[in-house]
1. For region 475-480, in order, what is each residue's ³J(HN,Hα) by Karplus, 6.51 cos²θ - 1.76 cosθ + 1.60 with θ = phi - 60°, in whole Hz (x at glycine and Pro)?
2. Can you compute 3J(HN,Hα) from phi for each residue in region 107-116, using the Karplus curve 6.51 cos²θ - 1.76 cosθ + 1.60 with θ = phi - 60°, rounded to whole Hz and x for Gly and Pro?
3. In region 229-310, what trypsin sites (Lys or Arg not before Pro) fall in a loop by DSSP, with at most 11 other Cβ atoms inside 10 Å?
4. How high is the relative contact order of region 605-690, in percent, with contacts defined as C-alpha pairs under 8 Å that are six or more residues apart?
5. Hey, could you get me the Stokes-Einstein D for region 1-42, Kirkwood radius over alpha-carbon pairs, 37 °C and 0.692 mPa s, rounded to whole µm² s⁻¹?
6. Residues with amide H under 5 Å of Glu685's amide H, sequence separation 5 or more or different chain, H placed in the peptide plane at 1.01 Å from N; which?
7. Cα centroid distance between region 174-212 and region 613-652, in Å?
8. log₁₀ I(q)/I(0) of region 2-243 at q = 0.08, 0.11, 0.12, 0.18 Å⁻¹, via Debye over equal Cα point scatterers, no solvent, to two decimals?
Amino acid sequence: MFIKTDALSLGLTDDLTRIGNVSLYGREMAGNSAPLFSVRLRDENGAPVIFDAAGADASAEYGDNAAVLTYRFDRLTITVTIRGGDCIVWNLDVKNGSDLAVEYIDFPALSVAGRLRRNGGDGAVVSMYNEGLLVEDGRLKTGMTDPEFPSQGGYMMFPYMVSAQFMLYLSGRKGLYMGVHDESRAPKGLDFKCSDEGTDFRVRMFMGGEFGGDVKTPDIVWKGFEGGWQDGAGIYREWLGRSFRTKPISETDLPDWYRNDMPLVLTYPVRGIHDMDKMDPNRLFPYENVLPYVDEFAKRTNSRVMVLLMHWEGTAPWAPPFVWPPYGGAEMFDEFMKKLHESGNLLGVYCSGLGFTEQSNLIASYNNEQLIADRNLKKGFCAAPDQSVPHSRICTGQRSGYDVCPASGTGREILDEALDPLLRSGVDYIQALDQNHGGGMYFCYSKEHGHPPVPGGWMTKASKDLLDGWKEKCPETMLGCESAAAEPYIEELRLSDNRYELCYTYGRPIPVYAYLYHPYLKNFMGNQVSCPLAYTTELCELRLAYSFLAGDLLTLVLNDEGEIMFHWGMRDFSKTPDRDELIGFIASLQNWHRVYPEIFRDAEMVKPLGLDCGEAKLEKKWGEPVYESKVLTTAWRHGDKTVQFIVNWTHEPQTVHLEKKHGMTFTRGGEKLPTDGKITLGALESVAVEF
């Protein structure tokens, strides 16, 4: 049995339990795959029950480039449909004659044989983890994590740290696109692991089944393509054009500063110097103590500045959901905001997402046990499969508490009540969902909240409903989350706290998020917490260059002496990056925002002209190597103009050989340059190419 497209050929094993053959442009790539599907259900007591293809009585019917496979279990019938044509489309139906609820479906299980590029092969994996991840060394991604309750933030899950519903496998200059075209945008684990034998992919769809209820997967689409990651991501972007209802920036009523400017973000705490410090006020409290630094950075970079406060909460730092009044009182806070606005600058604040703090571990006096008991608030918290309400696993160093379920009436009331004063305060920006990466709620299995008893698409709807309500209260305030907003929440969370630096743990970041979504939003570089790269000024400049080229707001993290930190969370300030060099580099990048304002407002990223520049071998803090292009580039189209930016982030001149394009011109700081496709960029220099 073979299902075919022009680029793909698919066959199952004779017993119909596994994928046996996958040919991509004539090259066999299938490895030893797991059973074709695995389905987990739960009983009334929350106990899991698992079925997979290897344990079924299987049969098949074949049509014209199509197959219908039936797998029979006791009181459960699973039908798999596979269709060929322009692409291969998979579906799975569960007819549920049991009293169980379908929690998730892993389908279709694929293993690709062969090693990745840095392990002697020609393969690579692209994931939408933290705005876009390219893995070329399989030794860095050897396991998968099972999303479980109580939830954690670091799962490779959509719509969380994974912002879009696809993965790519690149094989030389060809690739396999694996996408889930789900307009409900329900939660999914999109994960993979590598070994010397190959790469295993897992698509885990959380179905939100009711007890005894049938479920059906959305379309899972496989398609072969030629080229690089932009060509594979373009398949998903084409589907987005048909299914995405969010309006682009050009058609949305947004604050003028957001639409037409690219502020420099300065973030810092006003208490302590890191998240586990003693929370005494530091040198940047009272709030106005930062104003000389704001003025300095604004003048030296010729930029508007957004101050983004940490540890400002009058309750306790990182102790959701209550944050108001601000530390030092609302009057002091308002006066600070007024002075920022008078100088043309902006104010933003960090918050801590959809949690409820029982006991702060930073401020011993902050305890909510009695409040929880008096108001019976546990009925609004996320429950386990056995209906217990255990403590959250999020930020346990800073607090002990619970995850809140916004799908419950009580949970929604808690969150709305807590954030309401801040939403009405007039601040310009709220990073409202720190720790809720991507903007979504965590798992809940409660039978009392009115939602299905297992995770599913209802979670996306509940999260979006909550955010819609918040946005109605503060139309002039931008909202965001930790990591870029996942696809279903882009409309509400148009300025988020990127975490692309985490991609260096597994490989390196690539700007797939901007390629898909830049017409709809822009984010900021983020506080770079947990960045694994070594502490050098040059690697700070690499990250600044990357964020600039992704179309995002540049960000600096300050300590309480106004010095620049390598990233948030540092405790040792004996070494800091070169302040003057960083400021000069930022000023040169910010200048491009004035030369091409329309590009950074809402242009669409396109595949850049190819360039040859060589590769740099970098180091992580523990000495492990990382590889990155010596020159970074992205290209953007706005109307009939295409502009490609090229940035040398290194401290050495770099000569670039660019693919020739008729009519292209180089621009350096507004000055046109003659070119034959070859140009040398000085240290920390950037140029633009128009074509």
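1. Result, rounded to whole Hz: x, 9, 10, 7, 10, x.
2. For region 107-116, the Karplus curve yields 5, x, 6, 10, 10, 9, 6, x, 8, 7 Hz.
3. Here the sparse-neighbourhood loop sites are Arg245, Lys278.
4. Relative contact order comes out at 29 percent.
5. Calculated translational D: 293 µm²/s.
6. Amide H neighbours of Glu685, under 5 Å, 5+ apart: Asn648.
7. Going from one Cα centre to the other spans 30 Å.
8. -0.28, -0.55, -0.66, -1.52
Only the coordinates and a few stated rules stand behind these numbers; no lab work does. In this text the structure is predicted, and so the values were computed from the model without any measurement. FYI the Cβ positions are ideal-geometry reconstructions off the backbone, even for glycines, and counts take in every protein chain you see.
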